[in-house]
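Report on one structure; see the data block that follows.
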Amino acid sequence: MKKTKELSGAELEVMQILWKNDGPMTVQDVCDQLKSSKWKYRTVATLLLRMKEKDAVACVKEHNVNIYTPLLDKEEYTRSQTKSFVQKLYDGSVKDLAVSLFRSEEMTKEDIEEIRKMFDL
């Protein structure tokens, strides 16, 4: 299995739009769905070109317009990045990650209860 290339934060934001759309998109389509208007068309086009070079997206030209489709599987990429995150920050310990999450102020009592139900604890 080949190692999945890591996407930058900006590239991931674009990839999430492609995953959500679940179909081919033009640069303009992506621009239209970006939550923040901080990026211009040219910036999004450059991001997509970089993603193509990383084999994260496929690009076909139709009527002189580039159309992009994700090549990375969302679940596979998420799993890979989670594993890398746990390895980097918690020395591979999922238990330490869970303890950190439980101790954080971000997790509500409802979140904890939902997790207990999911794991039948």
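With 20 Å as the limit on Cα-Cα distance, the pairs of Lys74/Lys109; Lys20/Lys109; Lys88/Lys117; Lys52/Lys74; Lys54/Lys74 that go past it are Lys74/Lys109; Lys20/Lys109; Lys88/Lys117. With helices as the sole contributors, the chain gives -18000 deg cm²/dmol at 222 nm; each DSSP H run of n ≥ 4 counts as -39500 (n - 2.57), and the sum is divided by every residue.
In the frame of its principal axes, the chain has Cα extents of 56, 32, 25 Å, reported largest first. Rounded to the nearest 10 degrees, the angle from helix 94-103 to the longest Cα principal axis of the chain is 80 degrees.
Placing pseudo-labels 7 Å out from each Cα toward the beta carbon at Ser84 and Val99 gives an inter-label distance of 2.6 nm. For the chain, the solvent-accessible area of protein heavy atoms averages 76 Å² per residue (probe radius 1.4 Å; ligands and nucleic acids excluded). Relative to the current alpha-carbon distance between Glu106 and Lys74, full extension at 0.36 nm per residue lengthens the span by 9.1 nm.
The values are calculated or read from the model by the stated rules, or taken from the named source; none is laboratory data. Please read these numbers as outputs of a predicted model, since none were measured by experiment. Please note: Cβ atoms are built from the backbone with ideal geometry, for glycine as well, and neighbour counts cover all protein chains shown. For the accessible areas, the whole protein counts, side chains as well, though only heavy atoms, and no ligand, DNA or RNA atoms are used. Shrake-Rupley method; radii C 1.70, N 1.55, O 1.52, S 1.80 Å.
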